[in-house]
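Inspection log for the structure reproduced underneath, given as structure tokens.
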Amino acid sequence: MSDKVIIFDTTLRDGEQSPGASMTKDEKVRIARQLERLKVDVIEAGFAASSEGDFQAISAVAAAVKDSIVCSLARANDKDITRAADALKAAKAKRIHAFLATSPLHMAVKLRMSPEEVLEQAKRSIRFARNLAEDIEFSAEDGYRSEMDFLCRVVEGVINEGATTINIPDTVGYATPELYGEFIKTLRTRVPNSDKAVWSVHCHNDLGMAVANSLAGVKIGGARQIECTINGLGERAGNTALEEIVMALRTRKDYFEMVCGIDATQIVPASKLVSQITGFVVQPNKAVVGANAFAHTSGIHQDGILKNRDTYEIMRAEDVGWAANKIVLGKLSGRNAFKQRLQELGIAIEAEADLNEAFVRFKTLADQKSEIFDEDIIAIMSDSAAAEEGEFYKFISLSQHSETGERPKSKVTFRVGDKEASSEAEGNGPVDASLNAIEEIVKSGAEQLLYSVNAITSGTQSQGEVTVRLAKGGRIVNGVGTDPDIIAASAKAYLSALNKLHDPSQAKLNAQMTP
């Protein structure tokens, strides 16, 4: 067996199944480019048959990515597989990922198919897919809760039909490390043609063991592909966290004796980008990418670190992309300095007009706060990218009044299509009043599921990053806004979410539960 572990990132597909984590086409392309800089082997860009929006997003990612394999999920039927192949036409390297449930519960209750019908359907789908692509992955949904004898027959059958990767998911996060590792090992031992395919693991984190189970699937079971997401993003409790997998393999190479091709210095930039786009804030004590992951408060720890970093650090912060939180630019900085810093942060600007627009935003921010940090620049570029998508609603200005003992009032001016609108409203606080003012004009009727504020950097001069999550008609969308003024950031976030609700291309249908 090779000691190379393939990293299969499914942030854009399984990560997007988190309620409220849906991404626009342009946002998916931005994340895909960062995953490519991270040197991810396979990028699962979405589920082509789930909606026209997802189809277009996969097509855009396929055209943008050159160094990674681009993958689309498909149910094990001709229609889905054809749709996936069509979405991947522009990809330099492509993979079709077909799945079908194999556990007794799923077959009986969800599929309403007999085991023999499932076996034939699985083989038939892979046979069909092989006519459209050479790289075919088959996932046995709810594989870990499947009966061993039947699962062996299915896996043997799909490999005979041309499946090149076999994925055995722990779809509901039920596994434990030793048992899961032995399960994969038994499968590989009993399936006669197991050596004809790469074995993959895909674990969910319902019991907090997704990373441990995935590593056991590799170390004990002999799998050589791990399916994971940035920040462990995913439905319910999430998926296996890419950053934890990569650094476990790297830090404990003495035990795992395996390598992956990831550029670890791009981990933190990827984490921040995904967090900013989805609105899912990373908890401070999150391994590797949390704000406190390399912080030392205890005097004893600080003394040890000063004497020898190895006393309390098993990884170096700079190895995963953390940098000192220093001032990098100010209001006197020029355009070339700004462009150079973007390049150092791994942010690509292709069009001169985009650079000019971003520089104007930088200058505006520099007039508002004296210290500009890397995080501020990333936020500026995120705002610029959002503007590129075309905004039906666009924030212009805001004024508000709040005083102890009086009900706060706010007036918001914003663009609606090609017209300017203003409205005043009261609320329980200045934020509530501002959002009420917007609703006076828009009358969206959307339900607000989340309002969250995060400081981009430290100190009272920090920009506020606000996330607003709205639901309407079965759709859930996130809006993110940044501004040194929290009230303005809130209005921007609300309008950002409304833009996504307004755009019909962002409609996404829920397909059957996926691996």
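The values are calculated or read from the model by the stated rules, or taken from the named source; none is laboratory data. For clarity, every value in this text was computed on a predicted model and none was experimentally measured. Please note: Cβ atoms are built from the backbone with ideal geometry, for glycine as well, and neighbour counts cover all protein chains shown. Heavy atoms of the whole protein, side chains included, go into the accessibility calculation; ligands, DNA and RNA do not. Shrake-Rupley method; radii C 1.70, N 1.55, O 1.52, S 1.80 Å.
Values for this structure:
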| item | result |
| --- | --- |
| Efficiency of FRET from Cβ geometry, Glu52 and Asn193, R₀ 41 Å, rounded to 0.05 | 0.60 |
| Karplus 3J(HN,Hα) series, Hz, for the range 144-150 with 6.51 cos²θ - 1.76 cosθ + 1.60 (x for Gly, Pro) | 5, 9, 8, 6, 4, 4, 5 |
| Table column - 3J(HN,Hα) (Hz), the range 249-261, Karplus curve with 6.51, -1.76, 1.60, x for Gly and Pro | 4, 6, 6, 10, 4, 4, 8, 6, 6, 9, 10, 9, x |
| Inter-label distance, nm, simple model (7 Å from Cα along the C-beta direction), Asp206/Glu120 | 3.1 nm |
| P(r), alpha carbons of the range 1-64 - 5 Å bins starting at zero, rounded % | 4, 18, 29, 25, 12, 6, 4, 2, 0 |
| Convex hull volume per residue in cubic angstrom - Cα atoms of the range 213-259 | 70 Å³ |
| For peptides 347-353, 359-365, sequence by mean Cβ density within 10 Å, most packed first | 359-365, 347-353 |
| With every protein chain in place, the chain: carbon and sulfur % of accessible area (1.4 Å) | 50 percent |
| Distance cut-off 27 Å, percentage of C-alpha pairs in the range 157-301 lying past it | 27 percent |
| Net lengthening on full extension, Thr176/Thr311 (0.36 nm per residue, minus Cα-Cα) | 45.5 nm |
| Proximal aspartates and glutamates to Lys411, defined as alpha-carbon separation beneath 18 angstrom and excluding residues fewer than eight positions away on the same chain | Glu403, Glu420, Glu424, Glu426, Asp432, Glu439, Glu440, Asp483, Asp485 |
| Among 442-450, 465-473, the order from most to least packed when residues are scored by Cβ within 10 Å on average | 465-473, 442-450 |
| Anchor Lys419: aspartates and glutamates whose Cα lies under 15 Å away (excluding residues fewer than 8 positions away in-chain) | Glu391 |
| The range 136-235 - Kirkwood radius from inverse mean 1/r over Cα pairs (Å) | 13.1 Å |
| Cα-Cα pairs of the range 3-107 separated by more than 19 Å (percent) | 39 percent |
| Among Gly181, Asn454, Gly232 - extreme Cα towards positive end, dipole of the chain, charges at beta-carbon | Gly181 |
| Members of Lys28/Lys89; Lys92/Lys123; Lys79/Lys110 lying beyond 23 Å, as alpha-carbon distances in this model show | Lys92/Lys123 |
| Cα-centre dipole for the chain with unit charges at Cβ (Lys and Arg positive, Asp and Glu negative), debye to 20 | 580 debye |
| Rg [Å, one decimal], Dmax [Å, integer] - the range 52-136, C-alpha atoms | 14.2, 42 |
| Per residue, in Å², the accessible surface of the chain once ligands and nucleic acids are set aside, probe 1.4 Å | 43 Å² |
| Acute angle (nearest 10 degrees) that the helix 78-87 long axis makes with the longest principal axis of the chain, alpha-carbon atoms | 50 degrees |
| For Leu450, residues with placed amide H under 5 Å, excluding near neighbours | Arg469 |
| Efficiency of FRET from Cβ geometry, Leu355 and Asp254, R₀ 45 Å, rounded to 0.05 | 0.50 |
| Among Ile166, Gln121, Val155 - extreme Cα towards positive end, dipole of the range 96-181, charges at beta-carbon | Gln121 |
| Cα lying deepest toward the dipole's positive end in the chain, options Ala87, Ala358, Ser397, charges on Cβ | Ala87 |
| Positive minus negative residues near Asp14 (Lys, Arg vs Asp, Glu; Cβ under 9 Å) | -3 |
| For the chain: relative contact order, % (alpha-carbon pairs under 8 angstrom, 6 or more apart) | 12 percent |
